[in-house]
Structures are given as structure tokens and as C-alpha cells.
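Worksheet for the structure shown next.
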Amino acid sequence: MTTALPLTHLQRLEAEAIHIMREVVVEASRPVMLYSVGKDSAVMLHLARKAFHPAPPPFPLLHVDTTWKFRAMYELRDRIAAEAGMELIVHRNPEALARGINPFDHGPLHTDMWKTQGLKQALDAHGFDAAFGGARRDEEKSRAKERVFSFRNAGHGWDPKTQRPELWNLYNARKRPGESIRVFPISNWTELDVWQYIAAEGIEIVPLYFAAPRPTFEWQGGLFMADDPERLARVMGTLPPITTRSIRFRTLGCFPLTGAVESEAATLDDVIRETLLTTTSERHGRAIDRDDGGAGMERKKQEGYF
Amino acid sequence: MADHDAYRPDALIAEDIEAYLAAHSAKTMLRFITCGGVDDGKSTLIGRLLYDTRAIFADQLDALETDSRRIGTQGQAIDFALLVDGLAAEREQGITIDVAYRFFSTGRRKFIVADCPGHEQYTRNMVTGASTADCAVILIDARKGVLVQTRRHAYLCHLLGIRHFVLAVNKMDLAGYDRGVFDAIVADFMSFAALIGIEHFTAVPLSGFAGDNVTEAPSANTAWYHGPSLLSHLETLGVDGADGAAPFRLPVQWVNRPDLDFRGFAGLIASGAVRPGDAVRVLPGGRTTTVREIMTFDGALPQAVAGQSVTLTLADEIDCSRGSVIAAADASPQTADQFEATLVWMAEEAMMPGRGYWLKLATQTVTATVQQPKHRVDVNTLEQLAARTLDRNEIGVAEVYTDKPIVFEPYADNRTLGGFILIDKETNATVAAGLIRFALRRSQNVHWQPTDITRADHAALKNQRPLVLWFTGLSGAGKSTVANAVEKRLARMNRHTFLLDGDNVRHGLNKDLGFTEADRIENMRRVGEVARLMTDAGLIVLTAFISPFRAERDMVRAMMAPGEFVEIHVDTPLEVAEARDVKGLYRKARSGELRNFTGIDSPYEPPENPDIVVNTARMSVDEAADHIIRHILPLA
């Protein structure tokens, strides 16, 4: 971006995120960046490279894998980490792997074991005391009140009542042994900011964000992509009818849990146009927030979900 | 719900997305805070802004309609408050507890709204929200006029340095859209604003519920109003420039050293602008040099300004690290270690005058002690009241002393170099926000007098290394007895020692102090200072004080040279110490004759990582003394 007076909203958001990342590197002893391969992760990684240039970001990337991500995500993940010159740690919860936990047979347990428990295991195993995440306050109600530096007790629990006040851009990163911090550098970004930044900076994202003809199936009232039909058939017992539709995704997670939208938006400009004209929120396609009413995400965070 | 097509630029998005994006890439950002109570319609107004600027999606609106019927307070109508009250406790109780951040944007600006609770018990939350705001929107219920809380909100926002004020006179629909009502409220607020130094504000008659003058003005109901709508005012008010025109300051966050050939200083520019070739001064050292390059991922920049995160390289190799401030050479900030500051107390535990807290200002972290407040401010009447401490949500003025000089500017001149937080060393909680008013004159006039015979000379003459053997433990644990035995052994080994005993010091140096928590802290501070002077003289100092609080022991440890403080926990169980009761104090404490007695009605915080532990219930005095000597001999 070029420098002009006054700063644009993207310049201010970028400067804030970089400031936060640098602060963590100075104050934490072993930081890590959560990398989910989604567009927010892509923006986070880009910001990290800017923050520490000409050095590579002084922390590894951690992908908490569920084995159920889209194949295109795995492909991009490995290449991007190598390009950034960063170590990539992939963690799969061994217990979930052994028990064959999947979204069809196990419902909410799928998210709990792969993601919540998997994340805790990975953080504990590597002794990470600060983990960057790409969560934004505009995503969900309880996120709107979460701090940029969000503390977790030794059991990774979040207590909304004891959050530290964050004044100016001063962050108190002090913690006791065993405690850790989740840090959200793009807290103040909206979905539109993320898209605009991706466009302005030419950041590479998973092609699934752009519409293309893809194999789809309907399940529990939603439209999903049959990313791995053989595996689907194995787990579901029988393969649902598959039709090719032009679809894309607004958010990416496990392919059987991430609803697709029918779309013709094949370019970044098209996607941004659709985003601006859409009438539903980004997490609309995600099952996780609706699990147990309005307080679903708040409860998951108290249990250690990112 | 009224239609506001002006803020739904769908046409351009659909027809020419590139033109739309080009226009939007030049958008600026405004952070504002909304202040008002539960009944002023604050959440309704924010909900209305989000709705009218399309920041709420259909599925969120569906969920909101369902929630409104289930737990809303507006009957069958949409309760916009539910949009902004995010935590389960808030929704259940129908109140806002914590600051929530909301986002919306128009064709001109992106807005970040800090939505803060209005009650006095949430003063700290409002201060937090105000700390990052460029503008304050103060809500008034037209039927009620300027209330005590209105004044409190305006005072807090002004205190935190907000320059732009909007007086949103809400619920005009319930006041018959009466111009007289509006004018009377504006006049009332104006006299108060002048009193506290708010020079200018914009007043808008509104109905968040019905939508009047929120996005377009004037509404048909207020034809008499000739000002802007709330949104168009927020879109156009000027926020940049003040920091840009100030002298250059870059607090150094991190030194970037990927290899031996590159040394860059990374940070967020706090004020001013910088160009390659500019003369700069690096504080606190004061050396001058010039900027070689403004390095970014996208290449070198010809200029960088306040608000940007950059990495600078300098022409000369000079001392510069995290906490340093790179500043314009001809207009650099001061350094000092004693200040007068306004403090907003945020922690449940009251301020403890004399206790050491971490003070974080920009990228500097030091130990600071706060003196007894000069006064506290009644946030409702602005009266100055006498105070011995500050409780949660109280605001006061006090002197703050840091253990080493810091680079600063008065808060009124620079928010970044004048605003700080205090952190409890024990709990790591952020306990206070501070705003530097000025440095105390004596701080700049009292200098260290260098002496020719140094502390190293003193120690060498005595052929020993100075140490402080700090005995801590319950009353009757055996501290003085063991310390005495250790000192006798050291004396036999020709070591020069001195034993500072708790009871003895209270007969002289500290006879003006009692046993309140504050006096105990001051007792420790003085003993620490005396012990330090004695180590400067080369002595091995033994101290025997209960010293029940970790924070104070850590304060003393911080005063000493590294490695010279040895914490010895005389770890005798309470039952054993109480059974001994050599001075009869436990009996008095149990009967209530003696208050604040450690172990009975006042806590003892045992050391977490003591250098040495002795237990006099299991060891004899000689065994304990020998154990300590064995441990310290390699040191002394």
C-alpha cells in the first residue's frame, strides 16, 4: 500500500495487526500461529511476513487437522508454509484418529475431539504460551467482547468475567506458568475488510472461495461439496445423489460441515460484489454456532475452543 | 422501518465493482464511543446504525427477531440491545457489562464503535472504551435532560483525551419533537462542557427507535433542525492531523536482526512523520543519528506517518533496543522517574500506596510505586475529596515513582507516551490506567552523585561479596534466632555483617509506622533501602522480618544488585509458631486485642521459589544455621 495522508482504514488495520504481532513476539516465550488455510489465515500469514520483514516470522505455523478438510486446502497449506520460510506443524488428535471420529456419526463430538481437544494437545505438547488466531469480533456475539490478548488458564479455559481491560494499544501479556494467551490481531477487521485486503495485497487463497462447477450433495437441508466421494460413501453408508453445481464457499472448514453457496462469482471482484450484496452472515453456513442456542460459541470458548 | 437507500450503494456494487472498490480503498476510519445508560436507547441507536448501514445480515436479523420475542424487553418489536449484549450473563440480566466493539461502514468511512455500559460501577469499562476513541457520542434521553451520568460520561471522555463530542438527544419522538426541549438540553450541557474544558460539541436531535436524523437530516418531524444527521457528521468530522503535525516519536517495539548486516528498529509511529535523512535522537541515551531507510515488505518508503507500523534503520550503530524512543532530534521528549498522574483504579483490590507494580508505558516496562493519592475525584460532582487509597472505579491524582527513568510526554500532548497501565506483580492483572500530568521537578533536579570509592571497592576491602539474607516467615517461626546463629558463624569466618531486626528497626527508623497494610509496605521499603546502602558499603546484611507479602519481598529483591538477594523461608507451621508464642502475640490476636496479625487475620504469602528453606519444627537452630551457611558460602 502507498503512504498517503490520512491513513486509510486498511492501513490502520494493518498497522494495528503488525503492532500486536510484534508485541507478542517480544512478550511471549514460545508463540505459534494457528493456520487453518482459510482466507483469514492467509491474511494473518501475510501480515506476519510484513511485520518481521526482512526476517521470516519468528514462530512456526500450527495446523490442527481433522483429516476432513478439503483436498485443495491441504495442497495450498504445504506450499504456502514453504514459501514463507516457516516451520509447519500438523497435529491430528491421535485418539480421534484411532476412533475414526467423523461429522456424520459423532455430531458435536467431531468438533470437540478434533479441534478443541486437538488444539489443547498440540499447544501442551509443544509448550506454546501464545497462539495467534484469525478470529474477528464481527463474527459472533461473544467474540465482540473478547480481548485481543485473551487469557486461558492451565486447562485452556476462558473466563469472560476476568478479562483484563485493554487500554490504548497497551497489552498486558504477563502470565503465570501453565497459562497461555490466544491473540487475535485482526479482531477489528470485518469480512469485507479481509476481502478488500486480499484484493489490495494480491494474497493467494484456496480456489474454493471462487465459484466453479463442483460435485455437490444435499444433507440435512444444506448444500455440501462431495470432496472425497469414496470416503463419504464409506462413512455415510451410502453415497447421496451427487450433482454438479457452480458453487463457492464463504468460509472453509471440514468439507462435510461447511455449507456451499450456489454462485457464479469466479473472480475476486465477483466474490466481493457478492459479499457486499449478500443478506446472510459468513458463519451462516457453519453448524458449530447453532449447536446449543445463542451461547454456543461462548460455551465452546470456555471449554478451550479457539 | 424507514428506508435509507443513501447508505445501500447496491447500484454501484452491482454495476461497477471496480469503481466501487477504488472509492472504498480511500476510506478512512473513525473510532467512537457511545455513552449512555440502560434507558437512553443506546443499544437501539447502535442497532439502528448497524441495520441502516447493512452491517446486520438477514440470518442475524432472524435470530434477533426470535431472541427479541423470547428474552427481549420491547414486547413484539425488535430489541436491538440483544445485538450488542453478547455475553450470556448480559442477555439474561438485560444489561451491558463489558465493552463491546461493533463495526459498520459507509461509502466514506469504516467505523469502530466501542459500546460501553453507563453505570458508575462500570467506569473502568468506559475509560477502556474511551482510550482508543476519536469521538464520543453522549446520549441523553430527551425526556430526562442532562443527568448526573451525562456529566460523568462527558468528564471521563474528556479526561481520556477525546476531542470530538456529539450530544445525541435521543427519544425526541417521546418528547413531541419539541425544539424547546432540545434547545434547553443543549444550553444545559454547554455550560457544563465549558466548565470541564470541552470547547466544542455537535448536538443532534434523534430518535433511534423511529430513525429520525440518524442517517438523514432533517427528518420531517424536526424541520426546525438545520444540522447534519448523526451519521453524516461522523462521516465527515476530521480526525487525522493532530498526531501527524506533532514531532516524530517511534517507541521501539522490537529489534529486527535477521543477520549481522541488518539491524532494524520496529514500532508503531506514535506521532509525527519521518523521512530518510531525518536527524533523530534515541532516548533515553540521547545519542543523535539520522534515519537511513524506512524498510517495509513492499520496499523502502519515502515517508512514514503516525499510525503506521514500520522498521527503521539508522546511519550509526548506537544503543537502541525495546523501550527506546526514536524522536525528532530537535524536539525530543523528556525522561524522568517521578510523575504526577491521574489514575483510574480497575482492580477489585484497592490501590496499595508504596507497593511495587509493573508500569507499562508504550514499549517500556518498569517497576513503579504509587504514593497516597493527593485527592480523588467524585466523578459525579467533580469535587476533589481526600483519599488514602483508590478503590475500584475510583479516579484520583497521585505521585508515581519508577525505579528507573522512562521516556514520556504529558498525556495531553501524546496519548502513547503519556498513558500507562499498572500491573499487579502477584496476579498479573491490569489494575489501573494512568495518565501522566507532568514530571515532578525534583525528579529532574536530583542527580546521582558519583563517588570515587565504588561499591566494588568497599567489597574488595572486606574481601567478600555483599549479600542480603532475607529471612521471612510467621511471627515466632524463629527468624531472629536463626539469623543470629548465622551471623555468629559468619563473624567467626571474618565476614563483615549486620543484622537488621524487625522489632529493633521499629524502635527508631520506623517508629512512625503502624501495622496497616500500607504501613507494612513502607516499613519494608525503608528496610530495603537501608539494606541496599549496607550492601553498597560491602556488608553481608541479615534481615529478620515477617514480610508477609510476595510483592514487597519482590520489591526489595528488585532494589538489590542481581544475585545479591537471598530469600530464606523460615517455614515453621502456624501451630508450632502459635504454640511457642514467645511474645504472647498470638494469644492477643486470637482474643481480638491485636488486629492485622499475620497468620490469624492477615495473610502470609509463602515464597514460591525461595533460595533456601529451613523448618525449625524439624531442624535445630544449629542445623538450620549450618544449612544456610553451606548454601551461601559459595556466594559470600
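The values are calculated or read from the model by the stated rules, or taken from the named source; none is laboratory data. Note that the coordinates shown come from a computational prediction; the quantities given were computed from them, not determined experimentally. Glycine also receives a Cβ, built like all others from the backbone with ideal geometry; neighbour counts cover every protein chain displayed. To get the accessible areas, we keep the full protein, side chains included, count just its heavy atoms, and leave off ligands, DNA and RNA. Shrake-Rupley method; radii C 1.70, N 1.55, O 1.52, S 1.80 Å.
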task = Pop the C-beta distance of B:V613 and B:E529 into the FRET formula with R0 = 35 Å and round what comes out to the nearest 0.05.
result = 0.85
request  = Before anything else, pin down the relative contact order of the stretch B:138-218: Cα pairs under 8 Å, at least 6 apart, normalised by residue count, whole percent.
outcome  = 35
message = For peptide A:176-183, what's the mean number of Cβ atoms from other chains within 10 Å of each residue's Cβ?
response = 1
request  = Counting only C-alpha contacts under 8 Å and six or more residues apart, can you give the relative contact order of the stretch B:453-571 as a whole percent?
outcome  = 48
task = Run the quick spin-label model on B:R388 and B:T66: label points 7 Å from Cα toward the beta carbon, then report their separation in nm to one decimal.
result = 5.6
ask   = Between B:A331 and B:H119, what length comes free when the chain is fully extended (0.36 nm per residue of separation minus the Cα-Cα distance, one decimal in nm)?
value = 72.1 nm
ask   = Between B:T290 and residues 5 or more places away or on another chain, which pairs have amide H atoms under 5 Å apart, with H built 1.01 Å from N, and which residues are they?
value = B:V280, B:A315, B:D316
request  = In nm, give the distance between the simple-model label positions of B:A26 and A:R231, each being 7 Å from the Cα along the Cα-to-Cβ direction.
outcome  = 4.8
query = Among the aspartates and glutamates, which have Cα under 16 Å from the Cα of A:K120 when same-chain residues fewer than 8 positions away are ignored?
reply = A:D65, A:E95, A:D112, A:D129, A:E179, A:E303
message = Over 36 Å apart: what share of the alpha carbon pairs of chain A falls there, rounded to a whole percent?
response = 14
task = Mind computing the radius of gyration and Dmax over the alpha-carbon atoms of chain B? Å is fine for both.
result = 30.6, 97
request  = Evaluate E = 1/(1 + (r/R0)^6) for B:A194 and A:K161, where r is the Cβ-Cβ distance and R0 equals 41 Å; express this FRET efficiency to the nearest 0.05.
outcome  = 0.55
inquiry  = Taking the 0 to 90 degree range and rounding to the nearest ten, how far is the long axis of helix B:517-536 tilted relative to the main principal axis of chain B, both from C-alpha atoms?
reply    = 60
ask   = How much space per residue, in cubic angstrom, does the convex hull of the C-alpha atoms of the stretch B:468-541 take up?
value = 88
task = Write down the accessible area per residue of the stretch A:76-231 in Å², having rolled a 1.4 Å probe over the full set of protein chains.
result = 36
key: When each of A:K161/B:K425; A:K161/B:K479; A:K175/B:K588; A:K115/B:K27 is checked by Cα-Cα distance, pairs over 30 Å   = A:K161/B:K479; A:K175/B:K588; A:K115/B:K27
ask   = Averaged per residue, what accessible area in Å² does the stretch B:178-310 show with a 1.4 Å probe, protein chains only?
value = 43
message = Taking the solvent-accessible surface of protein heavy atoms with a 1.4 Å probe, what is the per residue accessible area of the stretch B:568-636 in Å²?
response = 57
query = Which translational diffusion coefficient, to the nearest whole µm²/s, is obtained for the stretch A:143-261 from the Stokes-Einstein equation, given a Kirkwood hydrodynamic radius over C-alpha pairs, 4 °C and 1.567 mPa s?
reply = 72
request  = Select from the stretch B:115-132 all residues whose loss of accessible area on going from the chain by itself to the full protein assembly reaches 40 Å² or more (probe 1.4 Å).
outcome  = B:T128, B:S131
key: Area buried, chain A against chain B - accessible surface, total, 1.4 angstrom probe, square angstrom   = 6700
message = Along the charge dipole of chain B, pointing to its positive end and built from +1/-1 on Cβ of Lys, Arg, Asp and Glu, which listed residue (B:L542, B:C135, B:P284) has its Cα farthest out?
response = B:L542
ask   = To the nearest 10 degrees, how steep is helix B:550-559 against the longest Cα principal axis of chain B, on a 0 to 90 scale?
value = 70
remark   = Carbon and sulfur atoms account, in whole percent of the 1.4 Å probe accessible area of the protein assembly as shown, for 51
message = As an exercise, use a Förster radius of 35 Å and the Cβ-Cβ distance of B:A19 and B:R275 to find the FRET efficiency, rounded to the nearest 0.05.
response = 0.60
remark   = Under 5 Å from the placed amide H of B:F209, counting only residues 5+ away or on other chains, we find B:K171
query = What average number of partner chain Cβ atoms lie no more than 10 Å from the Cβ of the residues making up B:305-312?
reply = 6
task = Obtain the radius of gyration and the Kirkwood radius of the stretch B:155-195 from its C-alpha atoms and give Rg over Rh.
result = 1.06
remark   = Computed D for the protein assembly as shown, Stokes-Einstein, Kirkwood radius over alpha-carbon pairs, 4 °C, 1.567 mPa s, to the nearest µm² per second, is 42
query = With Rg and the Kirkwood Rh both taken from Cα atoms, where does Rg over Rh land for the stretch B:205-276?
reply = 1.40
remark   = Amide H neighbours of A:W219 at under 5 Å, excluding residues fewer than 5 places away on the same chain, with H built from the backbone geometry, are A:F224
query = What longest region of chain B stays clear of GluC sites (Glu not before Pro) that DSSP places outside H, G, I, E and B and that have at most 16 other Cβ atoms within 10 Å?
reply = B:1-198
